[in-house]
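Below is one structure, written out as structure tokens; comments come after it.
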Amino acid sequence: MKLYCLSNDPNKPCHILTFREITMMLDCGLSMQSILNFLPLSTVPSNRLSNLSNYMPNDVDPDLEGELKENGERVFVDSPPEFNPPLDKLVDFAQIDVILISNYLCMMALPFVTEGTEFKGRVYATEPTLQMGRLLLEELVTYIELCPKVNIASQWKNFLHKLPYPLSESFKPKSWKQIFSMKSVNASLSRVQMVGYNEKIDVFGALQVIPASSGYCLGSTNWVISTKHEKIVYLSGSSTLTTHPKPMDHNALKNADIFIMTDLTQTPISNPDSMLGVLCVVVGITLRGGGNVLIPCYPTGVVYDLFECLSIKMQELGVAQCPMYFVSPVADISLAYSNILAEWLSTSKQNKVYVPDEPFPHAMLVKNSRLKHFKHIHSSGFSAEFQEPCVVFCGHPSLRFGDAVQFMELWGNNPRNCIIFTEPDFDYIDALAPYQPLQMKVAHCAIDTSLNFTQANKLIRDLKPTTLVVPECYTQPPSSAPNFADYMIESNAERNLISYKWGEVINLPLKRKQAQVFLDNSVALKIAPVEIKNGVFLSTLTGNLNVKDNVVNVQDVGPSCLGKTPNQVKYEWGTINITEFMQKLYQEGFSDAKLENIGTNSYMIHMLEADTIIQLDDNNTHVLCNGDDEMRTKLRNIVMQCLRKF
């Protein structure tokens, strides 16, 4: 079994697992850290951005002129943003048999994998993963296509060594790609086959795959990959916290031979509950002071919990009259769809459906006009409905495209306003770099509900895997807390710990030792077991071996298969009784045979007249007779007569 790591970001995982001649992709996350090196895309031309001075390093090709812009101490690429797709050099995507998607945040690179690569495999995901992933992909493509750039910068990638940080440390920029089209998105999503929790999926007869709830977001799963004799667990994006998704299924993950763990928390030193409390306090203070709050976010996921918690807190703080706006090309679909996914929700949310009532309070907030949703800020009706102070939820969390760019331009110079970062995917300092100098207040309240290292270590102890496989960065403390060993996966003598990094191919200690074979009734009836030792039986078997879709069948072929009937084929076994052997030698005329004991159950027999030596022990018989084939055959027959047969 081999594991290939195709992603440099453990929170946007992409792996290839090969086992039993099946090539399986585990998630296809899209690393978006690269877009922080680009200038924001603005739907309304920004004088501030267009007037930034050009940056030109010394002694470089003049073709680089105009590709780089400088703002303060940072240099940005003036070009459509580019993304870092999964590595495509280690594995031919056309050879992939199956893709397993854990959650909608881990499928953003699917069009890069399935389109234009001759991919012919199957893609499995739950219904919420497919539908919410569609919303994220549609929003991403729409935001970028709304702001096309005429010029595409590429020369800067040849001069990284002469560029300032962080451009100088860009990760494989020549492999970066521009965003795919909606046509590619729709084509890739059309390949997805929807599955339910605990549904057993047969993979070409070789493997069985079962999705188990991971508790992280709507429809998120951990994958259990098994045969009759081996069990592999792939854990990605899991949570033990009580939020709106169905709780994590622990039982399905126990006692795995191989346990692959990735996508743990990006904020190991902060607690989601405390961050949510800080966020509510900051919103209350800002609104009371007459300021506006901007929360750049994804159109699904934690934002549902933010609507619920903020609406309650704003009521308590006496600022419930301040409206909340949800601005996204897919805002209406996201709000509507989340309320019809009852089977994927926690028990408390499910119970509301049967009352009947909406499982999420945002439906009531929309009815009461406390939460208003629009596709864009230039949508009809937005200007008429918009009033300040307010709270705005909109994309994109990177602040490189989307309506968040316009709100930054509108509100950035007012110190009464505040921007609150809740998504952990992007460093807020890097996200704000193109907008400096900034006067609005900044709050960093990253809410990451995925497993922290304490929870992960406890989970591992409870699940008792034989071999644990994790990214290399999980085996050492984070750079933000280098002296805290609690923020890493602990090693333990009870299990084998294997780490990996980007671009690496590792061999996992799992080899097939047993396999299941089906016998035709006619073949099974001819089996005549012989007990060779206490509790152990053997039998010969003659048949036609048929292997199709990794299912092995032995079929009857009749008595003429070997030119003799199966009963005439005998197999010898056991050890030689030395007394019986010596008697048969004398009976065959070897009267001068002399026996010498040379060790425990080890003998040497000398026959001077025949010029032959026979050496016997528990497992071997050696006959030395100077090339006399007739003598050798005669002695062989005597040896075979002394062995038992079945």
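Give the accessible area for Tyr216 in Å² (nearest 10); use a 1.4 Å probe, count only protein heavy atoms, and leave out ligands, DNA and RNA.
Counting only protein heavy atoms, Tyr216 exposes about 50 Å² to solvent.
Mind grabbing the accessible area of Cys147 for me, 1.4 Å probe, Å², rounded to tens?
10
Tell me, how many Å apart are the Cα centres for the stretch 271-308 and for the stretch 205-249?
30
For the stretch 379-479, with all protein chains present and a 1.4 Å probe, just round the carbon and sulfur fraction of the accessible area to a whole percent.
48
How do His444, His15 rank by accessible surface area computed with a 1.4 Å probe, from largest to smallest? The partial results should precede the final answer.
Numbers: His444 85, His15 5 Å².
The ranking, largest first, comes out as His444, His15.
Accessible area, 1.4 Å probe, largest first: how do Val530, Val98 sort?
Solvent-accessible surface, decreasing: Val530, Val98.
For Gln387 and Glu145 in one chain, what is 0.36 nm times their gap in residues minus the Cα-Cα distance, to one decimal in nm?
Between Gln387 and Glu145, full extension yields an extra 84.3 nm.
Taking H placed 1.01 Å from N in the peptide plane, check which residues at least 5 places from Arg122 or on another chain put their amide H under 5 Å from its amide H.
Val98, Ile99
When DSSP assigns beta bridges and you keep just the ones with both residues in the chain, what percent turn out antiparallel, to the nearest 5? Numbers along the way, then the final one.
Details: 59 of 104 bridges.
Here the share of antiparallel DSSP bridges comes out near 55 percent.
On average, how much accessible surface per residue is there in the stretch 1-86, in Å², for a 1.4 Å probe, leaving out ligands, DNA and RNA?
35
Could you tell me which GluC sites (Glu not before Pro) in the stretch 565-631 are loop residues by DSSP with no more than 15 other beta carbons within 10 angstrom of their beta carbon?
On the way: sites: Glu572, Glu580, Glu588, Glu596, Glu609, Glu630; in loops: Glu588, Glu609.
Those satisfying the criteria are Glu588, Glu609.
Enter the accessible area of Asp78 (Å², nearest 10), with the probe set to 1.4 Å and all protein chains included.
Accessible area of Asp78: about 40 Å².
Quick one: pull the percent of accessible area on the stretch 92-215 belonging to carbon and sulfur, 1.4 Å probe, ligands and nucleic acids left out.
Ligands and nucleic acids excluded, carbon and sulfur give 48 percent.
Between Thr449, Met408, Gly395, whose Cα lies farthest towards the positive end of the dipole of the stretch 383-458 when Lys and Arg beta carbons carry +1 and Asp and Glu beta carbons carry -1, centred on the Cα centre?
Thr449
Between Glu588 and Arg288, what is the label-point separation in nm under the 7 Å Cα-to-beta-carbon projection?
Reported label-point gap for Arg288 and Glu588 is 10.5 nm.
Kirkwood Rh and Cα-based Rg: tell me the resulting Rg over Rh for the stretch 395-458, rounded to two decimals.
The Rg/Rh ratio comes out at 1.10.
Can you give the helix-only mean residue ellipticity at 222 nm for the chain, where every DSSP H stretch with n ≥ 4 adds -39500 (n - 2.57) and the sum goes over all residues, rounded to the nearest 500 deg cm²/dmol?
Computed ellipticity for the chain at 222 nm equals -6500 deg cm²/dmol.
What is the magnitude of the charge dipole of the chain about its Cα centre, with +1 placed on the Cβ of each Lys and Arg, -1 on the Cβ of each Asp and Glu, and no other charges, expressed in debye to the nearest 20?
Dipole of the chain, to the nearest 20 debye: 980 debye.
What do you get for GluC sites (Glu not before Pro) in the stretch 32-135 restricted to DSSP loop and a cutoff of at most 16 other Cβ within 10 Å of the site's Cβ?
Working: sites: Glu65, Glu67, Glu70, Glu73, Glu82, Glu115, Glu118; in loops: Glu65, Glu67, Glu73, Glu115, Glu118.
When the GluC sites (Glu not before Pro) of the stretch 32-135 are filtered for loop state and at most 16 Cβ neighbours within 10 Å, Glu65, Glu73, Glu118 remain.
Only sites in a loop by DSSP and with at most 11 other Cβ atoms within 10 Å count here; which GluC sites (Glu not before Pro) in the stretch 458-548 make the cut?
Of the GluC sites (Glu not before Pro), the ones in loops of the stretch 458-548 whose Cβ has at most 11 other Cβ atoms within 10 Å are Glu494.
With both bridge residues required to lie in the stretch 158-313, what share of the DSSP beta bridges run antiparallel, to the nearest 5%?
Restricted to the stretch 158-313, the bridges split so that about 70 percent are antiparallel.
Under 1.5 on a/c is rounded, so check that first for the stretch 229-322, then, if it is not, pick prolate when a/b is larger than b/c and oblate when it is not; a ≥ b ≥ c are the square roots of the alpha carbon gyration tensor eigenvalues.
prolate
For each pair in Lys313/Lys441; Lys594/Lys645; Lys228/Lys513; Lys12/Lys200; Lys183/Lys375; Lys2/Lys501, compute the distance between the two Cα atoms and list the pairs where it is over 18 Å.
Working: Lys313/Lys441 20 Å; Lys594/Lys645 28 Å; Lys228/Lys513 11 Å; Lys12/Lys200 26 Å; Lys183/Lys375 20 Å; Lys2/Lys501 14 Å.
With Cα atoms farther than 18 Å apart: Lys313/Lys441; Lys594/Lys645; Lys12/Lys200; Lys183/Lys375.
His622 versus Val505, label points 7 Å from Cα toward the beta carbon: distance in nm?
It works out to 4.2 nm between the two label points.
How tilted is helix 302-316 with respect to the longest principal axis of the chain? Cα atoms for both, answer in degrees (0 to 90, nearest 10).
It works out to around 40 degrees.
Rounding to the nearest 10 and keeping the result within 0 to 90°, find how far the Cα-based axis of helix 127-145 lies from the longest principal axis of the chain.
With rounding to tens, the tilt is 50 degrees.
Compute the relative contact order of the chain as a whole-number percentage, counting only Cα pairs closer than 8 Å that sit 6 or more residues apart in sequence.
13
Cα centroids of the stretch 60-98 and the stretch 567-646: how far apart, whole angstrom?
Using only Cα atoms, the two centres lie 75 Å from each other.
Packing-wise, with mean Cβ within 10 Å as the measure, how do 377-386, 104-113, 179-188 rank, highest first?
Top of the packing list down: 104-113, 179-188, 377-386.
Over the stretch 91-164, average the accessible area per residue using a 1.4 Å probe and give it in Å², no decimals.
On the way: 2590 Å² over 74 residues.
Per-residue value: 35 Å².
Nearest 10 degrees is fine. How inclined is helix 578-587 to the longest principal axis of the chain, computing both from alpha carbons?
Orientation of helix 578-587: about 40 degrees from the principal axis.
Which residue, chosen from Met132, Asn58, Ala94, occupies the Cα position most advanced towards the positive end of the dipole of the stretch 38-196, where the dipole is computed from +1 (Lys, Arg) and -1 (Asp, Glu) charges on Cβ about the Cα centre?
It is Met132.
The values are calculated or read from the model by the stated rules, or taken from the named source; none is laboratory data. All values reported here derive from a predicted model rather than from experimental measurement. Neighbour counts run over all protein chains shown; Cβ positions are idealised from the backbone, glycine included. These area figures cover heavy atoms from the full protein model, side chains too; ligands, DNA and RNA do not enter into them. Shrake-Rupley method; radii C 1.70, N 1.55, O 1.52, S 1.80 Å.
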